[in-house]
Amino acid sequence: ITINTTKYNVKKVLAVIFSLVTTITYTVAIYALNPYLHDNQSDLSSPLSIPLLVNQCLPVALGIFALQAVHEISHMLAAKHYNIKLGWPIPLPSLQIGMFGSITPYQSFPNQRRDLFDVSMSGPTVTLLLSTLLSALGLYLTVASSSFEVISTYPVVPCTLLRSSVVLGTVTSFIAPKLMLLPPTQVIPLHPLFLIGLTGLFSSALNLLPIGRLDGGRASMAVYGRRSASLIS
């Protein structure tokens with residue numbers, strides 16, 4: 001038992017370390033298409049020097065971690081309401097979006113299916129709403145900014161990301177409709193808050209897939225039962 005517990009703790013520590021690395025790598029990658037970064041990276045006095053770039057990447061990484069923290073806190077508050085004990089969440093690293101989210105182990109099983117459904121859906125629901133607000137705010141700040149020096153420090157992403165989901169497409173159509181007319185392959189600078197919200201939307205959508213111990217898998221089990229949920233998964 002002690003050996004198994006030690007192995008489990010080592011896996012958790014490695015998951016945290018890998019998630020830190022992949023999230024920081026992701027935040028650096030979203031600045032890779034910024035042309036002014038390449039033009040000024042060798043000049044330490046430039047506003048886009050490497051030290052300042054690190055200062056820009058860290059807030060994005062912290063924003064991603066904060067969204068995941070909100071996700072897990074939502075689970076914990078819902079679990080406390082239903083007297084369900086949860087273990088420490090295990091993060092899932094991702095090179096594409098920094099983190100896929102986390103898997104939260106149940107230390108006590110819910111008494112009713114409704115309890116399991118509510119606890120499972122609390123995290124993705126709150127994160128989806130908050131991520132949508134952050135994406136909308138990021139778009140608004142991008143459109144409202146008139147300073148070239150400020151915009152030139154934003155991450156640069158292809159326009160196709162704005163069409164990557166119905167939520168993003170709808171939000172963009174209301175706040176910045178002209179961006180929807182640009183070619184999908186054209187790159188544009190966007191406020192970092194938009195990228196934080198985008199990451200939250202992707203991770204929440206992945207968590208809602210009806211697979212295994214993901215939030216969507218547990219919600220599916222609450223609705224259809226264990227056997228049917230296993231077939232869906």
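The values are calculated or read from the model by the stated rules, or taken from the named source; none is laboratory data. Being a predicted model, the structure only gives us computed values, none of them experimental. Backbone-built Cβ (ideal geometry, glycine too); neighbour counts: all protein chains shown. The protein model used for the area step is the full one, side chains on, heavy atoms only, and it has no ligands, DNA or RNA in it. Shrake-Rupley method; radii C 1.70, N 1.55, O 1.52, S 1.80 Å.
Across segment 117-134, what is the total count of residues that are open to solvent by less than 10 Å² (accessible area, probe 1.4 Å) and either more than 16 Å from residue 71 (Cβ to Cβ) or part of a loop (DSSP other than H, G, I, E, B) (or both)?
Number of matching residues: 0.
Looking at (1) modelled with pLDDT of 85 or more; (2) farther than 30 Å from residue 128 by Cα, which is the only condition residue 23 fails?
Every condition holds for residue 23 apart from (2).
Is there any pair linking a residue in segment 62-87 that is within 15 Å of residue 218 (Cα to Cα) to one that is of a type in the set (D, E, K, R) and crowded, with 17+ Cβ neighbours inside 10 Å, with Cβ under 7 Å and at least six apart or on different chains, and which?
Here the result reads 78/118; 84/115, each pair linking segment 62-87 to a residue that is of a type in the set (D, E, K, R) and crowded, with 17+ Cβ neighbours inside 10 Å.
Tell me, which helices (runs of 4 or more DSSP H) lie completely within segment 173-233 with 2 or more residues that are out of contact with any helix residue (DSSP H, G or I) (no Cβ under 7 Å at 6 or more places or on another chain) and within 20 Å of residue 100 (Cβ to Cβ)?
192-207
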